[in-house]
């Protein structure tokens, strides 16, 4: 009998994924910006004037003279509209990220783990990827009318293949790991293997991917709004505000400038968080950065 | 005479928070012209840090030379500028690495890669460069250099690639060649050829060679002098005959004793019931396609064997011999193309996965790589109890069983709450053995289970495997490329080449009287064979290399 009393080092437990992430400076500051933007979006509506309130007496007033960001051609307060628009942008960004990650994660796991499903799923994904979001949105809206749901669906569909590809590539490498084979040999049921041994490996890259999806979804939503193919025009989304301000933008640039700046800052914050997450969660990069 | 390489009191520090303050500490040795000096040690001994520091290739953020000198032909190169070091590399000293595939650029023809050395360091014209490259390729005995000049690395075999790397490092005729485990990734027969080549080139050119290895067999074959390192310090150095024949430091003695002997101990035939048998097992990769245009590889071709309870059957072969394919077919990790695999009376080769699951517990496997065999996100306890819980054992009972098994494999039961990264390679392999035993199997497959371990740890894990085989009356299928390990643990062995079993029989008989030419080639290529095992086989445990 070999007796080899092990000397076990007193190393701490593996730190959680969030703790690793928050150690990164860009995750911290970008995250802080996002939290502030989200707070403003959630509670800002309580303190501002009604964004729909029409005031024909003070139309197209510059910032400062009437309201912080001026007024538009119907005399509505641009500041209030921008604050309330944040809710729409963040909702669209988050919803698209969550839905496309959820669907993509499922399809990617199936495609990567079951060889016979791989070709089928991936060819469908190739097809989806060739559809431009804007074209799809116009088609969906002409079929079922402009709602938040159609806009989200139109942006989600072309995003799914990107998530599926990412998940599939992780699954393909992990399923060859000896510990997965050991689990097969131990008689573990397939869905348990996927949940226990395969899925956790996809979490870190998916969190990163989610931020990029979120950022690009907010941009696409604004573009759709600008083209008039997005959220119904009566709802003040940033894209809609800019679309309405287009007519007068040479005379009254503030109607377009403020929602544009808000959009840029929000997408920037999301992307900073995404970059930071990639640096801290991708083991290959993290090793060289530390 | 000035030595070519003179290392004096060299210390290289590790960053704060490492497990020790110095990667190498106060080491002194030299390499003379026309001499091969082997630096030998286990992982973490600092042998590679030594070679990388000489080449100036060490990771400059983590490793800092803090004391001592490295003199190349009398000139201290530790303080040399980056440009000077760059010029010295290639012209004065050159290095060959362990993995010949990653040491070559996959998208450039090999001839061009050798020529690049001349392009950078000389002002020869294109015609002269090509002539030099072809000469260098002839020097390393590559067949048909004119044609191979335009080949890409992936078109060559591992041995040929390593020859290209050697040609590349020697084309500028450096005075010092540093070889960092240059044969570790190669098969034994290829390894023997590469070692002979290095020796031949060294003799012809009179250069000094600093040869890093973990393998005492290689040391015995090639070294003039030996430097033994442990934890960053030199524990013993001297001429090869002295260090191997009459080691003075306990660590050297332990290393040499831990090396399995090529002489199998005599073993009585095992008469237990047959636990596992394979009949006409075939595995083909690829398919001929509809028109027969495809390519088919017979990874396993008509393999037949039986393993009894209490018996160890070794499957021995080089890479690509199909030995792992057989193991994976038997485990049904891959589906065999045809044939039978019987566990007890059940043929598991063809049954559906749902029916197979209940038979999985009877046959368990320990893999080669201890770092990838355990899920890093799950505690050791979770890994060990996963299997029994799958088969209806209550979690509490499974945990109790895991505790018992942990002490059987020589680990503290409290360690069940820890994660795999808190264990060393050898400890992880013990955990994998405990995980396999938790299923209470009849058959245990060890797929190169000790190949990734240091020689001293390897000996302990081999003892453990032997021990649990006895204790649980297991039938063991032991897959290895290492004849020395096979000699020690196997009752019978089966030699495979290109998917075909070329020879099988009791271990002692196969080693004493090999019938097939391939078996004979394998036996004579085992490093250190001529030095150690020709002494009438009496050297068991005394000076046997690995």
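The values are calculated or read from the model by the stated rules, or taken from the named source; none is laboratory data. The model shown is predicted, which means the values in this text are computed figures rather than measured ones. Note that each Cβ is placed from the backbone with ideal geometry, even for glycine, and that neighbours are counted across all protein chains shown.
Considering region B:385-420, the residues that are under 19 Å from residue B:357 (Cα atoms) and outside any helix (DSSP H, G or I) include one that is nearest to the other protein chains (Cβ to nearest Cβ), namely B:391. Tell me, which residue of region B:413-434 that is closer than 30 Å to residue B:273 by Cα and free of Cβ contacts under 8 Å to residues at least 60 places away in the same chain is nearest to the chain's Cα centre (by Cα)? Restricting to residues being closer than 30 Å to residue B:273 by Cα and free of Cβ contacts under 8 Å to residues at least 60 places away in the same chain, the top hit is B:430.
Quick check, is residue B:527 away from every other protein chain (no Cβ under 12 Å), surrounded by 22 or more Cβ atoms within 10 Å (Cβ to Cβ) and either modelled with pLDDT under 90 or assigned to a loop (DSSP other than H, G, I, E, B) (or both)? Yes: the conditions hold for residue B:527. Scanning region B:231-271 for residues that are out of contact with any strand residue (DSSP E or B) (no Cβ under 8 Å at 6 or more places or on another chain), crowded, with 21+ Cβ neighbours inside 10 Å and not in a loop (DSSP other than H, G, I, E, B) gives a single hit, B:256.
Of all residues in region B:121-144, those satisfying the criterion of being more than 28 Å from the chain's Cα centre (by Cα) and either in contact (Cβ under 8 Å) with a residue 24 or more places away in the chain or assigned to a loop (DSSP other than H, G, I, E, B) (or both) are B:121, B:122, B:123, B:124, B:125, B:132, B:133, B:136, B:144. Scanning region A:217-230 turns up one or more residues that are surrounded by 24 or more Cβ atoms within 10 Å (Cβ to Cβ) and at pLDDT below 85.
Sort through A:92, A:110, A:124 and tell me the only one that's in contact (Cβ under 8 Å) with a residue 12 or more places away in the chain and part of a helix (DSSP H, G or I). Write out each step before concluding.
On the way: A:110 fails: in contact (Cβ under 8 Å) with a residue 12 or more places away in the chain; A:124 fails: in contact (Cβ under 8 Å) with a residue 12 or more places away in the chain.
Within the list A:92, A:110, A:124, the selection yields A:92.
For region A:154-194, residues that are in a helix (DSSP H, G or I) and within 12 Å of chain B (Cβ to nearest Cβ) total 13.
Residues of region A:139-148 include at least one that is touching a helix residue (DSSP H, G or I) at 6+ places or on another chain (Cβ under 7 Å), part of a helix (DSSP H, G or I) and surrounded by 19 or more Cβ atoms within 10 Å (Cβ to Cβ).
Give the residue that is nearest to residue A:182 (Cα to Cα), with candidates limited to residues of region B:326-340 that are more than 14 Å from chain A (Cβ to nearest Cβ) and either at pLDDT below 90 or crowded, with 21+ Cβ neighbours inside 10 Å (or both).
Restricting attention to region B:326-340, the residues satisfying the condition of being more than 14 Å from chain A (Cβ to nearest Cβ) are B:326, B:336-340.
From the residues that got through so far, the ones that are either at pLDDT below 90 or crowded, with 21+ Cβ neighbours inside 10 Å (or both) too are B:326, B:336.
On the way: B:326: 16, B:336: 19 Å.
Among them, the one singled out is B:326.
Would you check which residues across region A:179-198 are surrounded by fewer than 18 Cβ atoms within 10 Å (Cβ to Cβ) and under 25 Å from the mean Cα position of the chain (by Cα) and list them? If the condition is that a residue be surrounded by fewer than 18 Cβ atoms within 10 Å (Cβ to Cβ) and under 25 Å from the mean Cα position of the chain (by Cα), then A:195 is the only one that fits.
Would it be correct to say that residue B:479 is in contact (Cβ under 8 Å) with a residue 12 or more places away in the chain, farther than 23 Å from residue B:358 by Cβ, buried (at least 23 other Cβ atoms within 10 Å of the Cβ) and within 22 Å of the chain's Cα centre (by Cα)? It is true that residue B:479 is in contact (Cβ under 8 Å) with a residue 12 or more places away in the chain, farther than 23 Å from residue B:358 by Cβ, buried (at least 23 other Cβ atoms within 10 Å of the Cβ) and within 22 Å of the chain's Cα centre (by Cα). When residue B:173 is tested against (1) surrounded by fewer than 18 Cβ atoms within 10 Å (Cβ to Cβ); (2) touching a residue at least 40 places away in the same chain (Cβ under 8 Å); (3) more than 28 Å from residue B:497 (Cα to Cα); (4) in contact with a helix residue (DSSP H, G or I) (Cβ under 9 Å, 6 or more places away or on another chain), only condition (2) is not met.
Note on region B:360-378: residues that are more than 7 Å from chain A (Cβ to nearest Cβ), in contact with a strand residue (DSSP E or B) (Cβ under 7 Å, 6 or more places away or on another chain) and crowded, with 19+ Cβ neighbours inside 10 Å total 3.
Screening region B:421-442 for residues that are more than 11 Å from every other protein chain (Cβ to nearest Cβ) and in contact with a helix residue (DSSP H, G or I) (Cβ under 6 Å, 6 or more places away or on another chain) and picking the one that is surrounded by the most Cβ atoms within 10 Å (Cβ to Cβ) gives B:429. Per this entry, residue A:236 is not counted among residues that are buried (at least 24 other Cβ atoms within 10 Å of the Cβ) and in a helix (DSSP H, G or I).
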